[in-house]
Amino acid sequence: MNNTILLGHGSGGIMTGNLIRNLFLKYFNNPLLEKLSDSSVFSVDGATLAFTTDSYVVDPIFFPGGDIGKLAVCGTVNDLAMSGAKPLYLSSGLILEEGFPLADLETIVSSMSEEAQKAGIQIITGDTKVVKKGQCDKVFINTAGIGILEDRYRHISGGLHIRPGDQLIVNGFLGDHEIAIMAARENLKFEEPVASDVASLHPIVHALLEGGVDIHFMRDLTRGGIASVLDEMAENRDFGVSVSEASLPIRDQTQGLCELYGFDPLYLANEGKMVLVVARESAGPAIEIMHGFETGTHAALIGVITSSKPGMVLLQSRTGGTRIVTRLAGEQLPRIC
């Protein structure tokens with residue numbers, strides 16, 4: 001047993017889960033927190049609200065497709081959207097390193113403002129701290145968000161309506177964000193450049209809900225990738241998950257880089273991708289709606305909820321074999337968000 005914090009504790013995988021359960025829940029546990037969803041859902045004076053918070057330490061702070069400011073706003077908006085909530089307000093807390101260029105800070109703040117406007121959310125409170133040079137790496141950002149949730153969507157965050165026969169859908173190529181971050185760090189060049197997929201998913205989620213799609217679960221595929229999300233979703237439940245490897249939308253550049261570095265694309269982080277679990281009859285309409293958005297152009301059906309192998313996620317390989325998929329055990333690439 002290790003008695004210090006490791007990079008793997010921030011991976012979103014097994015080590016993160018153990019840290020949450022063995023330490024944070026030990027002292028913070030309550031009926032709202034123990035659900036361990038991306039947003040806490042609760043009621044105040046008859047209104048149902050969703051509340052979430054996240055911190056961003058991505059390196060580099062500027063990368064193909066975005067920057068730490070865009071990432072902070074989109075990531076928090078997406079956590080609210082995944083519960084079915086309409087995002088309303090954000091807070092913004094910045095920790096700045098002495099000597100950080102004001103021009104870079106203005107670029108980041110401008111990016112945050114632009115993304116908030118796109119998502120229809122307001123940044124209404126914040127805080128700024130400055131530490132001595134070397135005591136943080138350029139800039140770290142914390143955002144918290146609150147949204148309002150219609151009671152008819154309250155089941156989504158906990159996956160309470162998931163049942164065998166439900167269909168699994170992703171809204172596009174997997175792994176773009178982590179590959180873009182790696183390429184920026186390592187100065188890698190591709191024939192066709194890969195940009196981060198960082199984007200607000202609220203518009204596409206709103207269209208799906210308003211379009212009558214029967215959504216039983218949603219989750220954005222950030223740290224730990226789709227494998228960790230599906231494993232967490234199925235854990236201790238009375239259903240299993242079957243995913244077709246051939247149906248997973250993965251760019252050739254991503255697949256090639258994974259083979260070169262020994263990465264598994266199932267564990268790559270995304271910042272503009274989600275997995276949906278929808279009723280069978282809603283799968284076709286859901287994909288049709290998603291194809292109408294830039295964030296859903298490459299949406300695809302990737303699997304199904306099964307009555308067999310409860311609690312397990314099985315990947316049907318291209319060669320006809322079956323592989324058990326578990327959560328990320330360590331850390332593929334630190335500081336990706």
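Odds and ends about this structure:
- Scanning segment 105-123 for residues that are of a type outside the set (D, E, K, R), more than 10 Å from GLY69 (Cα to Cα) and touching a Ser or Thr at 6+ places or on another chain (Cβ under 7 Å) returns ALA119, ILE123.
- The number of residues in segment 293-310 that are within 21 Å of the chain's Cα centre (by Cα) and either closer than 21 Å to TYR267 by Cα or surrounded by fewer than 15 Cβ atoms within 10 Å (Cβ to Cβ) (or both) comes to 12.
- Restricted to helices (runs of 4 or more DSSP H) entirely inside segment 167-256, those with at least 3 residues that are among the charged types (D, E, K, R) are 176-186.
- As a summary of the residue check, VAL198 satisfies the conditions (1) within 16 Å of the chain's Cα centre (by Cα); (2) farther than 19 Å from GLU294 by Cβ except for the one numbered (2).
- All told, ARG163 falls short of being without any contact (Cβ under 8 Å) to a residue 40 or more places away in the chain and not aliphatic (A, V, I, L, M).
- Residue that is farthest from PRO334 (Cα to Cα), among those in segment 30-61 that are assigned to a strand (DSSP E or B) and without any contact (Cβ under 8 Å) to a residue 60 or more places away in the chain: VAL44
- Matching residues in segment 319-337 - criterion: being out of contact with any Gly (no Cβ under 9 Å at 6 or more places or on another chain) and under 21 Å from ASP176 (Cβ atoms): VAL325, LEU333, ILE336
- Residue within segment 286-302 that is touching a strand residue (DSSP E or B) at 6+ places or on another chain (Cβ under 8 Å), at pLDDT 95 or above and of a type in the set (Ser, Thr, Tyr) present: no
- Just one of the numbered conditions (1) within 19 Å of the chain's Cα centre (by Cα); (2) farther than 25 Å from GLY65 by Cβ is not true of PRO249: (2).
- All of (1) touching a Pro at 6+ places or on another chain (Cβ under 8 Å); (2) over 30 Å from TYR56 (Cα atoms); (3) in a loop (DSSP other than H, G, I, E, B) hold for ARG318 with one exception: (1).
- Cβ-Cβ under 6 Å pairs, at least 6 apart or on other chains, segment 5-26 side in the same structural domain as LEU221 (by TED's automatic domain parsing) and closer than 22 Å to LEU230 by Cβ, far side of a type outside the set (A, V, I, L, M) and surrounded by 12 or more Cβ atoms within 10 Å (Cβ to Cβ): none
- Listed by first and then second residue, the pairs with beta-carbon distance under 7 Å, at least 6 apart or on different chains, first residue in segment 130-150 and on the phi < 0 side of the Ramachandran plot, second loosely packed, with under 13 Cβ neighbours inside 10 Å, are VAL130/GLU98; VAL131/GLU98; LYS132/GLU98; LYS133/GLU98; LYS133/GLY99; ILE148/ALA47.
- Leading residue by the ranking (surrounded by the fewest Cβ atoms within 10 Å (Cβ to Cβ)) among those in segment 65-95 that are assigned to a helix (DSSP H, G or I) and out of contact with any helix residue (DSSP H, G or I) (no Cβ under 7 Å at 6 or more places or on another chain): GLY75
- All of (1) within 23 Å of the chain's Cα centre (by Cα); (2) surrounded by fewer than 18 Cβ atoms within 10 Å (Cβ to Cβ); (3) of a type in the set (D, E, K, R) hold for GLU98 with one exception: (1).
- In segment 180-194, the residues that are assigned by TED's automatic domain parsing to the domain that holds GLY256 never reach a residue that is surrounded by fewer than 10 Cβ atoms within 10 Å (Cβ to Cβ) and part of a helix (DSSP H, G or I) with C-beta atoms less than 7 angstrom apart, at least six apart or across chains.
- If the condition is being in contact with a Gly (Cβ under 9 Å, 6 or more places away or on another chain) and either more than 12 Å from ILE215 (Cβ to Cβ) or surrounded by fewer than 19 Cβ atoms within 10 Å (Cβ to Cβ) (or both), then segment 154-167 contributes ARG154, HIS155, PRO164.
The values are calculated or read from the model by the stated rules, or taken from the named source; none is laboratory data. Please read all numbers here as calculations on a predicted model, not as lab measurements. Here Cβ is always computed from backbone atoms with ideal geometry, including for glycine, and neighbour counts include all displayed protein chains.
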